[in-house]
Amino acid sequence: MKKTIFLGLAMLFATLSFAQNNRSTAEVFLQITKPGKYTVYLDDELVSSATGRFRFYDVYNSKPMLSIMQGNRLILKEQLNVNAQERLIVGFDNDRLNVIKQLSMFRNNQYALDDFYGYSEPYNTGISPRPDRGSVRNYTLMSPEAFYQFFSLYKKEKFDDGRLRLIKATSKNATFSTEQVKYLLKEFAFDDQRLETAKLLFPKTIDTQNYTLLADTFKFPSNKDDFLNFIAKE
């Protein structure tokens, strides 16, 4: 009985250490072989990619949920087992998720991995720099559940100014899909605030390739033209 308790405590402390120690984070890399437009997120972090490779750095959860969307269809939702200080590389092919490799992130106390599949050479010298996160588009996408709760509060606002304040506060820590932005814009009574909000949320939207579809939410041609001209310059 005591051994069971001690084992449980050891596992708990290991999990807490994984979450709290920055050096004990992990990485999850995904490759999708079939060409297409995919949205991939690990727990609530979303990564976009035009190459079929999706990189998640600084993974704190030892059992994160990986979800793959194609359009509006969820094609995979699967929990992963991730080890601290390792990169888990998985591939999605023929509707199945397969583990490709598991690599230790550090050699001689230095980050030692290349940009995807393996070690930088010579990996044992410890001279490999960690990849630049600035080149990877990582988003904290507002989940459907979180958006529903926010939208319920949002609809209770009687005036456009109050709606805009809520959006500004929320968008500091979350991003939206074009479809979610569309729901928000439709609630505005006046086109001027609708236009201001559409411009505000453009850099906070994950699928900006669809953003021109919002042009139909404007009542006046002049505002519609202003919106489209704004998109063309971005």
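The values are calculated or read from the model by the stated rules, or taken from the named source; none is laboratory data. As the structure is a prediction and not an experimental result, all values here were calculated from the model. So basically every Cβ, Gly included, is an ideal-geometry build from the backbone, and we count neighbours across all protein chains shown. Keep in mind that these areas ignore ligands, DNA and RNA; they rest on the heavy atoms of the full protein, side chains included. Shrake-Rupley method; radii C 1.70, N 1.55, O 1.52, S 1.80 Å.
Of K156/K186; K158/K224; K77/K168; K77/K155; K199/K233, which ones are farther than 21 Å apart at the Cα? Walk me through the numbers before you get to the answer.
Values: K156/K186 14 Å; K158/K224 24 Å; K77/K168 31 Å; K77/K155 31 Å; K199/K233 12 Å.
K158/K224; K77/K168; K77/K155, as the Cα separations exceed 21 Å there.
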per DSSP, antiparallel bridges as share of beta bridges in segment 26-93, % nearest 5, sits at 75
Between segment 169-234 and segment 23-101, what is the C-alpha centre distance in whole Å?
29
Cβ neighbours within 10 Å, averaged per peptide: list 101-110, 173-182 in order, most packed at the top.
173-182, 101-110
Any idea of K186's accessible area? Nearest 10 Å², probe 1.4 Å.
130
Between D226 and L153, what is the label-point separation in nm under the 7 Å Cα-to-beta-carbon projection?
2.9
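For D95 and E196, FRET efficiency with R0 = 35 Å and r from the beta-carbon atoms, rounded to 0.05?
On the way: r = 43 Å, r/R0 = 1.24.
The calculated FRET efficiency here is 0.20.
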So for segment 20-89, taking the charge dipole from beta-carbon charges (+1 Lys/Arg, -1 Asp/Glu), which of V28, S49, Y60 sits furthest toward the positive end?
S49
